[in-house]
Amino acid sequence: MEATRTLRPAPERERADRHALAWAAAAFAAGVLLHVDRVAPWIGVVAAALIVWRMGAVRAPMPGAIVRGVLALGVIAAVLARFHTLNGLAAGTALLILMASLKLLETRGRRDHLVLVGAGLFLLLAACLDRQSLARTPLYLGVLWLACAALAVIASPALPGRAALVLAARTLLLAAPLAVLLFVFFPRLAGSFWALPRAAEALSGLSDTMSPGSIARLITSYDAAFRVKFSAVPPPPEQRYWRGPVLEDFDGATWTRSPAWWRPRPAPVLTGTEYRYRVALEPSHHRYWFALDVPLASPDSRAALTHDYELLAAQPVSEPTSFEAQSRTGARLATPLAATERRADTRLPPDRNPRTAQLAQRLRADAGSDAAFVDAALDWLRTGGFVYSLEPERLGRDQVDDFLFGTRTGFCGHFASAFVTLARAAGVPARVVTGYLGGEWNPIGGYLVVRQADAHAWAELWLEGRGWTRVDPTAVVEPQRLQRGLFDLLPEAASAPARLLRSVPWLARLLQRWDAANAWWNERVVKFDYSTQLGLLDRLGFHSAGVRELGWAFALALLAWLAVIAWRLGRAPHPPRPDALARAYARLCRKLARTGIERAPHQGPLAYGAALAAHSPGCAPEAQALLARYAQLRYAPAAGTRPVEEFRRAVARLRVPRRTALMRH
């Protein structure tokens, strides 16, 4: 007995399998590349090594089941050791990459190729859940296009790659209207089913601590912190103070937030201009929301307005977040400061900064009042030879003394810390407020872009009859900081790419257009939620709409899309239906394939009969006669349908034994 014959010649089947495997591996590799900057480097290296090895070892024997089982257990153990869980987006993505890579060790047919493409699509879904920025959208569309082309090749291995890409592109274009309808009208319930646990991510932006110089390290970033769109004219630059963490505890080196949650929030007498605006926060992974100083109330149930007028969210800002806010540029408190609060806001660490304490007491004695002391302290800074710089000298144990009487060079954190220390040493309640100052106007989108480079710190002092009063000592040393951004004052503070963007006008305009496109994407696409859906339905005439109305709108839109697809299919040319003779011949070929010899696409009936005679002489005579009869009927047709009907009956009577091996002759 000879070895079992395959259904098609070995070289042709091998080429088809290799072609399909190459496309499936490419779709999977594209999915892995979407996460290469998120997963541990060794995960990407393992996936790349297995892909390269499998594509170069198609003829090599695959590892046995025991080896694959041991490798799978090792992969699970490695993921558990790295993440301490198999749950969550980060751990699940790493596990999927590694397990699908091991799947390459047993890919043998169409089913395995489909599994690889499915893994690539799941990796695409994980990337979409992780990051939804506009810049990554073309990458996601490219991976989807490649995966669909791979599916087409797996379904038809003889399909050329270019034809598969064209077919995939046409299919995606036809599906695009349905995707838009699903996005717009499918009812969005409260919450998110994709709210999976995430791995710890690096923090960006202001935190609830400040050491002199910490903000200086932050402002070298050109990234956007948030964007603000005003309902009317925005405030002038010198009033664009965006309030963030308020720091009241000082250990001599670092300012931190006070845990005094018990303090009541005093009701201020609001002055100044009222502004209404919308803030779009970028992810910072901190709990702080930023509002124009002073916010009137909490803008959203997700954030609370604290006793010192911070906006503190219940959860860290881990995705783009928008809220409507209302602020006044001035406020004074009519209620007096409680004794416990006065003690907390005049507390200083003992035996630290003695020269600062002496200076404060002398200025306070000469001033006669707290307000006069503020003027005297600011005048001392103004005439003391202080320099505004991002590269100050290092400070010793008594940091404020070293700064005020030694280096005299620093940034906003140095000036705010030193001024609040001076005020407290003089018996004036004071605290440090951190946030942002200024903002860059984007004329394309009509909003302010507040960048990390605009991070700022200032002081608040309690003055009788006025309450908490903002005092910015940095403005005394560098008055232009109120009118100009940091990179305008200190261009060398920016990175080389940021300097290039700001120095070339057309690049700056291009950056503004790109930022406006990102703002639109985040607001209209990423943050498209249930309330936005209802607003859209209201504009379309569905007033007081709810989930039921959304369902009906989606159903009607879906029916309209199906009607368009049916119309297009109806207009498309259809291949002619095989005639009775062709159907009988196809049945004959299916029966003869049981011998182990399948007709190749290029073989005619007589050549197929010759192949049968060479390899399966037992059934060759009757089969050759039928094949010759088909050739005569097809290429020299006789009149009438009776010969075709006789041929069909002869095919039906033919009995071909199913064989798994061929006899030697």
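The values are calculated or read from the model by the stated rules, or taken from the named source; none is laboratory data. All of these numbers come straight from a predicted model, not from anything done at the bench. For neighbour counting, all protein chains shown are included, and Cβ atoms are generated from backbone atoms with ideal geometry for every residue, glycine included. Heavy atoms of the whole protein, side chains included, go into the accessibility calculation; ligands, DNA and RNA do not. Shrake-Rupley method; radii C 1.70, N 1.55, O 1.52, S 1.80 Å.
Condition first: touching a strand residue (DSSP E or B) at 6+ places or on another chain (Cβ under 8 Å), touching a residue at least 60 places away in the same chain (Cβ under 8 Å) and on the phi < 0 side of the Ramachandran plot. Now tell me which residues in region 436-453 satisfy that. Before you say what the answer is, go through the steps one by one.
Just the residues of region 436-453 that are touching a strand residue (DSSP E or B) at 6+ places or on another chain (Cβ under 8 Å), to begin with: 436-442, 445-452.
Keeping just the survivors that are touching a residue at least 60 places away in the same chain (Cβ under 8 Å) gives 436-439, 441-442, 445-452.
Of everything in region 436-453, those that are touching a strand residue (DSSP E or B) at 6+ places or on another chain (Cβ under 8 Å), touching a residue at least 60 places away in the same chain (Cβ under 8 Å) and on the phi < 0 side of the Ramachandran plot turn out to be 436, 437, 441, 442, 445, 447, 448, 449, 450, 451, 452.
Hey, among the residues in region 407-438 that are modelled with pLDDT under 90 and small (Gly, Ala, Ser), which one's farthest from residue 211 (Cα to Cα)?
438
Restricting to region 580-597, name every residue that is at pLDDT 80 or above and touching a helix residue (DSSP H, G or I) at 6+ places or on another chain (Cβ under 9 Å).
Correct list: 580, 581, 582, 583, 584, 585, 587, 588, 589, 591, 592.
Would you pick out the residues in region 20-72 that are in contact with a helix residue (DSSP H, G or I) (Cβ under 9 Å, 6 or more places away or on another chain), among the small types (Gly, Ala, Ser) and exposed (fewer than 14 other Cβ atoms within 10 Å of the Cβ)?
The answer is 49, 60, 65.
I'm trying to understand the selection: among the residues of region 612-655, which are within 14 Å of residue 588 (Cβ to Cβ) and either under 60 Å from the mean Cα position of the chain (by Cα) or at pLDDT below 75 (or both)?
Matches in region 612-655: 612, 619, 620.
Is there a residue being modelled with pLDDT of 85 or more, among the small types (Gly, Ala, Ser) and over 26 Å from residue 440 (Cα atoms) anywhere in region 304-327?
Yes: one or more hits.
For residue 413, state whether it is buried (at least 24 other Cβ atoms within 10 Å of the Cβ) and either in a helix (DSSP H, G or I) or over 49 Å from the mean Cα position of the chain (by Cα) (or both). I'd like the intermediate steps shown before the answer.
Values: buried (at least 24 other Cβ atoms within 10 Å of the Cβ): yes; either in a helix (DSSP H, G or I) or over 49 Å from the mean Cα position of the chain (by Cα) (or both): yes.
Considered against the rule, which asks whether it is buried (at least 24 other Cβ atoms within 10 Å of the Cβ) and either in a helix (DSSP H, G or I) or over 49 Å from the mean Cα position of the chain (by Cα) (or both), residue 413 comes out as yes.
Of the numbered conditions (1) modelled with pLDDT of 90 or more; (2) closer than 30 Å to residue 533 by Cβ; (3) buried (at least 20 other Cβ atoms within 10 Å of the Cβ), residue 230 fails exactly one; give the number of that condition.
(3)
Of the residues 163, 127, 91, 78, which single one is closer than 16 Å to residue 31 by Cβ and surrounded by 14 or more Cβ atoms within 10 Å (Cβ to Cβ)? Before the answer, list the steps.
Values: 163 fails: closer than 16 Å to residue 31 by Cβ; 91 fails: closer than 16 Å to residue 31 by Cβ; 78 fails: closer than 16 Å to residue 31 by Cβ.
Exactly one of 163, 127, 91, 78 is closer than 16 Å to residue 31 by Cβ and surrounded by 14 or more Cβ atoms within 10 Å (Cβ to Cβ), namely 127.
Just the residues that are under 17 Å from residue 480 (Cα atoms) and either modelled with pLDDT under 90 or crowded, with 19+ Cβ neighbours inside 10 Å (or both), please, taken from region 236-247.
Start the filter on region 236-247 by keeping residues that are under 17 Å from residue 480 (Cα atoms), which leaves 236-241.
Correct list: 237, 238, 240, 241.
Between a residue in region 369-392 that is under 13 Å from residue 474 (Cα atoms) and any residue that is of a type in the set (Asp, Glu) and not in a strand (DSSP E or B), which pairs come within a Cβ distance under 7 Å, given they are 6 or more apart or on different chains?
388/478
If you check residue 139 against the conditions, is it touching a Leu at 6+ places or on another chain (Cβ under 8 Å), part of a helix (DSSP H, G or I), open to solvent by 40 Å² or more (accessible area, probe 1.4 Å) and touching a residue at least 60 places away in the same chain (Cβ under 8 Å)?
Numbers: touching a Leu at 6+ places or on another chain (Cβ under 8 Å): yes; part of a helix (DSSP H, G or I): yes; open to solvent by 40 Å² or more (accessible area, probe 1.4 Å): yes; touching a residue at least 60 places away in the same chain (Cβ under 8 Å): yes.
Yes.
Go through region 432-441 and give me each residue that's part of a strand (DSSP E or B) and open to solvent by 10 Å² or more (accessible area, probe 1.4 Å). Walk me through it before giving the result.
In the first step, residues of region 432-441 are kept if they are part of a strand (DSSP E or B); the result is 432-437, 440-441.
Residues satisfying the conditions are 440, 441.
What's the number of the condition residue 200 fails, among (1) loosely packed, with under 13 Cβ neighbours inside 10 Å; (2) modelled with pLDDT of 90 or more; (3) of a type in the set (Gly, Ala, Ser)?
Tallying (1) loosely packed, with under 13 Cβ neighbours inside 10 Å; (2) modelled with pLDDT of 90 or more; (3) of a type in the set (Gly, Ala, Ser), residue 200 fails exactly one: (2).
Filter region 374-415 down to the residues that are within 18 Å of residue 459 (Cβ to Cβ) and among the β-branched types (Val, Ile, Thr) and list them by number.
374, 400
Within region 430-451, does at least one residue satisfy the condition of being within 16 Å of residue 310 (Cβ to Cβ) and of a type in the set (Ser, Thr, Tyr)? Before you say what the answer is, go through the steps one by one.
Taking region 430-451 first, the residues within 16 Å of residue 310 (Cβ to Cβ) are 431-436.
Next, from what is left, pick out any that are of a type in the set (Ser, Thr, Tyr): 434, 436.
Yes, region 430-451 contains at least one residue that is within 16 Å of residue 310 (Cβ to Cβ) and of a type in the set (Ser, Thr, Tyr).
Restrict the check to region 372-393 and report whether at least one residue is among the charged types (D, E, K, R), farther than 16 Å from residue 210 by Cα and crowded, with 21+ Cβ neighbours inside 10 Å. Outline the logic, then answer.
As a first pass, look at region 372-393 and keep what is among the charged types (D, E, K, R): 375, 379, 382, 391, 393.
Applying the additional criterion that residues be farther than 16 Å from residue 210 by Cα yields 375, 379, 382, 391, 393.
Next, from what is left, pick out any that are crowded, with 21+ Cβ neighbours inside 10 Å: none.
The answer is no, given that none of the residues of region 372-393 is among the charged types (D, E, K, R), farther than 16 Å from residue 210 by Cα and crowded, with 21+ Cβ neighbours inside 10 Å.
If I filter region 286-303 down to residues being farther than 26 Å from residue 236 by Cα and open to solvent by 50 Å² or more (accessible area, probe 1.4 Å), which single residue comes out as modelled with the highest pLDDT?
Looking at residues that are farther than 26 Å from residue 236 by Cα and open to solvent by 50 Å² or more (accessible area, probe 1.4 Å), I get 287.
Which residues, counting only those in region 84-127, are over 19 Å from residue 21 (Cβ atoms) and either small (Gly, Ala, Ser) or not in a helix (DSSP H, G or I) (or both)?
Answer for region 84-127, where residues must be over 19 Å from residue 21 (Cβ atoms) and either small (Gly, Ala, Ser) or not in a helix (DSSP H, G or I) (or both): 84, 85, 86, 87, 88, 90, 91, 92, 94, 126, 127.
Has region 358-368 got at least one residue that is touching a residue at least 40 places away in the same chain (Cβ under 8 Å) and either on the phi > 0 side of the Ramachandran plot or open to solvent by 40 Å² or more (accessible area, probe 1.4 Å) (or both)?
yes
Looking at 427, 446, 406, which one is within 26 Å of residue 466 (Cβ to Cβ) and open to solvent by 10 Å² or more (accessible area, probe 1.4 Å)? Reasoning before the result, please.
Working: 446 fails: within 26 Å of residue 466 (Cβ to Cβ); 406 fails: within 26 Å of residue 466 (Cβ to Cβ).
Just a single option satisfies the conditions, and that option is 427.
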